[in-house]
Amino acid sequence: MVYVKHSVNALTMVRSRSSRRRRAAGPRTLPEARAPFILRKLSTFNVLSEAGLEQIEANADTILAETGMEFQDDPEILGIFAEAGCDVDGSRVRFAPGFCRKTIMATAPAQFVQHARNPANNVQLGGDASVLCPAWGPPFVHDLDRGHRYASHQDFVDLVKLHHSLPWLHHSGGVVCEPVDLPANKRHLDMLYGHIRHSDRAFMGAFIGAERAGHAIDMARIVFGEDFVAENAVLYCVSNTNAPLVMDSHMSGALKTYARAGQPVACTPWVLTGAMSPSTVAGTLAQVLAETMAAMTLTQLINPEAPCMMGSFASTMSMKSGAPTFGTPEAGLMVLAAGQLARRLGVPLHTVGTLSASKVPDAQSQQEATWGLMMSMFAGANLINHATGWLEGGLVTSFEKTILDHDLCGKVGRFFEGIDMSENAQAMEAIAATGPGRHFLGSEHTQANFMSALFRPWTPDDNSFEQWHAAGELDAAARANAIWKERLDAYQDPGLDPEIDAALQDYIAQRKAEKPDQDYF
C-alpha cells in the first residue's frame, strides 16, 4: 500500500445560531486548518537504554517460551500455531525464543493507509504519522444539561456528527458510546451505519466475535467495493487480550476475520498494573510485549503481510481501592517504552490518550488527559484511541470533555509540527523595519501572519475579569457546553450515495431478521 499525502482541507467555521452561546464562548468564525492526521517533526522520547530494551525483550521471550499464552475456545487457532511448529498443550501455546519477533518482522508492514470514503480523510498508520480518535466503549454519556445517563442511539449519532465537525480529530472511531436502547446483539449494525452515514472519515469495525467482524467487512464492501477492500485497508480492529496471557474466542474470532480480509488489527493487551500485570513497570512491559507479539504473530501466520499494530493500553490502579488510575508517571513510562519496543519490531503503535478517572470535566480530568496524550505523542504513537471525551475510567463519554480534549488535540498537533524555519517565519525584514523601541502590532508581517502563526484554541477565556464577570462567570466546562451545541447545530451532512445507502439498509435489515433481539452479547 502506497501512502499519498493529501492536501490539507480548510474547515470553514460557522457563526453561532445563538447569541447567548456566542457571548458565552466567543465567536468561532475564522477558518481552521483541517489535516487528515499529524505528521510529527519532533523526536520521540526514549526512556529505556539499549540494554534495558534487550532485557525487556528477553523477558518477553522467556514468558512466551516457558509460561506461554492461552487461546481459549478456538481449536482452529491452536491448529495454526501447531502447524507453525509452536508447542501446543491444550489451550496453552508456547513459542520458541525469537519465533514471534522473527515472524512479525518478516512480513508485517511498517506503515499503511486506512482509507476513508472521502479520500481527503485517509489516514497514515505508521512512520511519523499520529491519528487521533475519539473515546471508545462507554455505556454512559454525560453533559451539563442532562447529567450522567445511559447512552442512547441518539447520543451515538450526535457524537458521530460532533466528531465529524471537529477539525483536530482525524478518525470517526468505533463505539463512541454504547447505545443501550438497541438490542445488544444487533446494535453493532446501527453503529457501523452511523459512522458511514454521518461521517466520511475512516472508522473502526465491530470487534466482538467473527460474526460481527464479518458484518463490518460486508458493509465496507458495499461502501468501497469488493475489489477495493481486497487490496486496501478500510477498517480498523482492536483485538484485546484478557491479561494476563489469555485471548478468548470473541477476540480471536474477530482477529482471524479481519486478518484474512487484509484489514488492520491492533493487538492490544489491556492491563492495570498490580491486578492484570505485575505492579512494576518493567514486569508489565515484558508481559505486554509477550501478549502483543503472540497476537501479531497470529495475524501473520493467518495472512502474511496483513497490517497489524502493536497495542499497549497499560495503566495503573490504586492499591488502596482497586480503582484504575490515570495520568500517573508509571503510565507515562510504560507508553514511552512501548513506543521504543514497537519501533524495534518495525510495526506501528496503537495506544490511548486523554484517559481520566474524574467524574466530570474538571481540573483532574484535564490534568490526567494532558499527561496521557502528551506521553503517547512523545512515544511516537501512530493511532491514539480515546483522544477525546473519556471520563470515569472509561464508563462515560462526556460532550464537554470532548470539546476540552479537542482543544488539547489541536495544541499537540501544532506543537509536534515543530518550529517553522522558513524565511517568512524568521521575520528578519520585519525586525529590521520595526527597529528598536517600536511594537509589531501594526507591522505588515504581523498582519500577514497573526491568523496562522499562533494556535487559537476554542475554550479558554482570556478576557479581563470584568468581561468574564459580565458574560456570566463561565468556567471551561460551561464554555465547552455552549461550543458542542454550536458544533452540532452547524453539522454539515457529508452525504451518501443513495444506492449505497439503500444497499446498506437492506443488508442491515436482513441481518437483523436472522435472529431475535437479545439484551446480551
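The values are calculated or read from the model by the stated rules, or taken from the named source; none is laboratory data. A quick note: this is a predicted structure, and the numbers were derived from the prediction, not measured. Methodologically, a virtual Cβ is constructed for each residue, glycine included, from the backbone with ideal geometry; neighbour enumeration extends over all protein chains shown. Heavy atoms of the whole protein, side chains included, go into the accessibility calculation; ligands, DNA and RNA do not. Shrake-Rupley method; radii C 1.70, N 1.55, O 1.52, S 1.80 Å.
Below are the figures for this structure:
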item	result
Unit charges on C-beta of K, R, D, E only; dipole of the chain, Debye	1000
C-alpha long axis of helix 476-489 to longest principal axis of the chain, angle in °	80
Carbon and sulfur %, accessible surface of the chain computed with the full protein complex present, 1.4 Å	54
Calculated P(r) tail over 15 Å for the stretch 386-442, as whole % of Cα pairs	67
Dipole magnitude of the stretch 198-237, debye to nearest 20 (Cβ charges: Lys/Arg +1, Asp/Glu -1, about Cα centre)	180
Pairwise label distance in nanometres, L441 with L474, each label 7 Å out on the Cα-Cβ vector	2.6
Structure-derived log10 I(q)/I(0) by the Debye sum over Cα atoms at q = 0.07, 0.11 Å⁻¹: which label, when the choices are (i) -0.62, -1.02; (ii) -0.89, -1.11; (iii) -0.39, -0.95	(iii)
³J(HN,Hα), Karplus 6.51/-1.76/1.60, whole Hz, each residue of the stretch 297-309, x for Gly, Pro	4, 4, 4, 6, 6, 6, 8, x, 6, 5, x, 9, 9
Computed over the stretch 266-325: relative contact order in percent, which uses C-alpha pairs under 8 Å that are six or more apart	46
Relative contact order (%) - criterion: Cα under 8 Å, at least six apart; region: the stretch 369-521	21
Per residue value of the accessible surface for the chain (all protein chains in place, 1.4 Å probe), Å²	41
Cα centroid of the stretch 161-192 to Cα centroid of the stretch 297-368, whole Å	21
Residue-averaged 222 nm ellipticity for the chain, from DSSP H runs of 4+ at -39500 (n - 2.57), nearest 500	-13500 deg cm²/dmol
Packing-based ranking, highest mean first, of 35-47, 115-127, 142-154 given that Cβ atoms within 10 Å are counted	115-127, 35-47, 142-154
Cα gyration tensor, the stretch 72-227 - rounded (a/c under 1.5), prolate or oblate	prolate
Between the stretch 408-479 and the stretch 63-102, the Cα center-to-center distance that results, in Å	56
Under the Karplus curve 6.51 cos²θ - 1.76 cosθ + 1.60, θ = phi - 60°, whole-Hz ³J(HN,Hα) for the stretch 166-171, x wherever Gly or Pro sits	9, x, 9, 8, 10, 8
Peptides 267-275, 293-301, 242-250 ordered by average Cβ neighbours within 10 Å, highest first	293-301, 267-275, 242-250
Packing-based order for 413-419, 359-365, using average beta carbon neighbours within 10 Å, highest first	359-365, 413-419
Antiparallel content of DSSP bridges confined to the chain, in %, to 5	45
Rounded accessible area of D155 (nearest 10 Å², 1.4 Å probe)	10
Given charges at beta-carbon only (K, R positive; D, E negative), |dipole| of the stretch 78-186 in Debye	240
Backbone HN-Hα couplings from phi across the stretch 279-293 [Karplus 6.51/-1.76/1.60, Hz, Gly and Pro as x]	6, 9, 5, 5, x, 5, 4, 5, 5, 4, 5, 4, 5, 5, 5
Degrees separating the helix 329-345 axis from the principal Cα axis of the chain, which is the longest one	60
Sequence-separation-based contact order of the stretch 291-421, relative, with Cα cut under 8 Å and 6+ spacing, percent	20
